[in-house]
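Trainee: Dropping a structure here in structure tokens format, bear with me for questions.
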Amino acid sequence: MAHKSFIKLRSAAFDRQDGRCYYCGYQMWRDTPETFAHLHGLSLRHAKRFQCTAEHLVARQDGGRDTQSNIAAACRLCNQRRHKRKEAPEPQEYKDLVQKRLSKGGWHPLPAGIHLSP
């Protein structure tokens, strides 16, 4: 699939999810980190963690395709953390893990005084 088509799928997922990460539910950005950082009082370093990425719910290696029903929007941090694991957990299993960590006040390391509610 052409790169432009993949970008369209990511953008459509972002819109379907109201700009929120599939896993953590935090707001993401897709254009520029500077605007997002300024809007939320974050450094650029912290804002970059919330960049919208495309996440295959069924991996290509497992037969997943580049289709609207198989692409979710996920923030860069959640996407990277899922795939840095020895074996990437299933999307729902990972979402449950992220939500559990968030409920205990963990997961997204934000500076003191900054609250981005999921």
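What follows is calculated from the coordinates using simple rules that are stated; it is not laboratory data. Computed from a predicted model, the values in this text were never measured in an experiment. Backbone-built Cβ (ideal geometry, glycine too); neighbour counts: all protein chains shown.
Trainee: Please work out which one of (1) of a type in the set (Val, Ile, Thr); (2) buried (at least 18 other Cβ atoms within 10 Å of the Cβ); (3) closer than 19 Å to Lys8 by Cα is the condition Thr32 fails and give its number.
Mentor: (2)
Trainee: Additional query: Note down all Cβ pairs under 9 Å where the first residue falls in the stretch 27-56 and is assigned to a helix (DSSP H, G or I), the second is hydroxyl-bearing (Ser, Thr, Tyr), and they're at least six residues apart or on different chains.
Mentor: Final answer for the pair search is Ala37/Ser43; Ala47/Thr35.
Trainee: When the stretch 79-111 is examined, which residues are found to be crowded, with 17+ Cβ neighbours inside 10 Å and either touching a Lys or Arg at 6+ places or on another chain (Cβ under 9 Å) or of a type in the set (Val, Ile, Thr) (or both)?
Mentor: Pro91, Tyr94, Val98, Trp107, His108
Trainee: Which number in (1) surrounded by fewer than 20 Cβ atoms within 10 Å (Cβ to Cβ); (2) touching a Cys at 6+ places or on another chain (Cβ under 8 Å); (3) over 20 Å from Ile7 (Cα atoms); (4) not charged (D, E, K, R) marks the one condition that His40 misses?
Mentor: That leaves (2) as the condition not met.
Trainee: Just give me the residues in the stretch 57-77 being outside any loop (DSSP other than H, G, I, E, B), in contact with a helix residue (DSSP H, G or I) (Cβ under 8 Å, 6 or more places away or on another chain) and over 19 Å from Ile7 (Cβ atoms), in sequence order.
Mentor: Correct list: empty.
Trainee: Given the conditions (1) in contact with a Lys or Arg (Cβ under 6 Å, 6 or more places away or on another chain); (2) closer than 21 Å to Gly105 by Cα; (3) of a type outside the set (Ser, Thr, Tyr), report the number of the one that Pro33 does not fulfil.
Mentor: (2)
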